[in-house]
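The values are calculated or read from the model by the stated rules, or taken from the named source; none is laboratory data. In this text the structure is predicted, and so the values were computed from the model without any measurement. Here Cβ is always computed from backbone atoms with ideal geometry, including for glycine, and neighbour counts include all displayed protein chains. These area figures cover heavy atoms from the full protein model, side chains too; ligands, DNA and RNA do not enter into them. Shrake-Rupley method; radii C 1.70, N 1.55, O 1.52, S 1.80 Å.
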Amino acid sequence: MNWVVDNLDLIRELTLVHLRQSVIAIVLGFLLSLPLGWLAWRYRGARGGILTVTGLLYTIPSLALLPILPVVLGTPIFSEVNLILALTIYAIALMVRSVADGLGSVDPAVRLSATAMGYGAGRRFWAVDFPLAGPVILAGLRVTAVSTIALATVGALIGITNLGYLFTNGSQRRIIPEVVAGIIAVVLIALVLDGLLIVAGRVMMPWSRAQRRRARRAVLPLEVSVA
Amino acid sequence: MNLIGDAIAWIFSGDPGAGLAPIPVALAQHLMFTFLSVLIAAIIAVPLGWVIGHTGRGRDIAVAISGAARAIPSFGLLILLFLVLGVLRTTEAALITFVLLAIPSILAGAYTGFEAIDRKVIDAARSMGMTQWQVLWRVEVPLGLPLLIAGLRSATLQVVATVTIAAYINLGGLGQYILAGIPLRRFDIVLGGALLVAALALVLDGVFALLQRASVPAGMRAAQSEHKTASKRSAPARAAVTAAS
């Protein structure tokens, strides 16, 4: 425990670095997977190609992807950019499927009625398709956020500093509390980010909760009239 | 591009140099650790997953545990067990980490496989007079097999990735080339090792993809090609397995 108390500043600093690296990758992955997921959902021909390529990229272990990326993209191997790019690729691989599945889960009748009411393609996507696909996309985003934060620690193996440093340093110096502190910090920031995403989902998609409540109440019709 | 050429030349040079183990030895170690851990994890998780899927009990706990497991960094867990068990028990520390990592995916594959089965099929089996055991072994297990294999697939890939990392605690395997090459600035070794690891993962993924396809019972395959909706229905379940990994 002494180690943790003596090194709170280090842990705080590493946590911030870790958060910065992961959050950039999660946001980039989310933004890039929207158009890719839309393509995969809209065009059957593109679907197989996009999902296969992202699936294969996801298959490549992180410690192998980190040295391969610089050769393909020309980024310096030991830079933070390299880690963020690798994490972004994994985030896209997880998210694209959620976006495509989410858009696929929208009731076609709703989409048709939007068209009938005069919605153009762009407005219909942002006002109807995207919000209704929201719950499935959010579920994918939560999985992506949590696994990205855990995965980022691998960067320490090729010398990129973040909370993973507590694992490499703790292992070399045989300080068990340091490693435990690293694990707890990673799990904590993953849980906090996950909680924030749940809250954001409730604020932005209040209807998904109302629907669930209605579905539960539908079983007891009497209670609905009382409420 | 020159670097890729150097890396491939290194792979086929026959001697990895820098006092490292020959590639076939490292590959054998990597495969042995992967299969052994997935096997142990399957022995634990498959019966448990089947019980959850058959009875419908304990599902929420299983989902919560797999969700929480995703937040734990496998690299950190590996180092922690390595320090706690001591240098003499490196293999045990690594095996425990790999097994713990593999369990959630296999568990999810086992119970989602049962959940994805049309309830009418199980009702039909019951009405034909099948006992609980017959329903389990003749209906649920065969029909749930493709998703169980999907679970084994993601578990295997996760373990392959973690065995790579385990080279850090001198476990051997293909990850040793990546980690040993970095301080030596031998990027041909680093990239060669990375290409070998990526190739191994892709090959294993391909083998499991074939197994998954072959494991769909003949009757179901005919039904699926007739009604495209049938394959669509299993899509969320498949997504659940990948998500659980």
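What to note about this one:
- Kirkwood-based Rg to Rh ratio, chain B, C-alpha trace: 1.06
- Screening chain B for whole DSSP H helices of 24 Å or more along their axis (Cα) with average Kyte-Doolittle hydropathy at least 1.0 returns B:23-55, B:90-115, B:141-165, B:187-214.
- Relative compactness, the range B:121-199, computed as alpha-carbon Rg over 2.2 N^0.38 Å: 1.93
- Anisotropy class of the range A:1-74 from Cα gyration tensor, a/c 1.5 cut: prolate
- For the peptides B:158-167, A:178-187, the ranking by packing is B:158-167, A:178-187, with the highest mean count of neighbouring Cβ atoms within 10 Å listed first.
- The range B:6-139: translational diffusion in µm²/s, Stokes-Einstein, Kirkwood Rh over Cα pairs, 25 °C, 0.890 mPa s: 136 µm²/s
- Rounded FRET efficiency, nearest 0.05, which uses the C-beta distance separating A:Leu112 from A:Arg174 and R0 of 41 Å: 0.05
- Peptide A:183-192 is shielded by partner chain Cβ atoms: per residue, an average of 3 of them sit within 10 Å of its Cβ.
- Prolate/oblate/rounded call for the protein assembly as shown, Cα gyration tensor, a/c under 1.5 rounded: prolate
- Residues B:Arg213 and A:Val81, FRET efficiency given R0 of 60 Å [Cβ-Cβ distance, rounded to 0.05]: 0.95
- Gyration tensor (Cα) of the range A:17-133, equivalent ellipsoid semi-axes in angstrom: 33, 15, 10
- List of the range B:82-101 residues, accessible area with partners at least 10 Å² below that of the chain alone (1.4 Å probe): B:Phe82, B:Leu83, B:Val84, B:Val87
- Gyration tensor verdict on chain A (Cα atoms; rounded if a/c is under 1.5, prolate if a/b is larger than b/c, oblate otherwise): oblate
- Angle between chain A longest axis and helix A:176-204 axis [Cα atoms, degrees, rounded to 10]: 20 degrees
- Each of B:Ala124, B:Ile23, B:Leu85 was scored by the projection of its Cα onto the charge dipole of chain B, and the greatest displacement toward the positive side belongs to B:Ala124; charges sit on the C-beta of Lys, Arg, Asp and Glu.
- Whole-angstrom gap from the range A:28-59 to the range B:3-33, using each part's C-alpha centre: 33 Å
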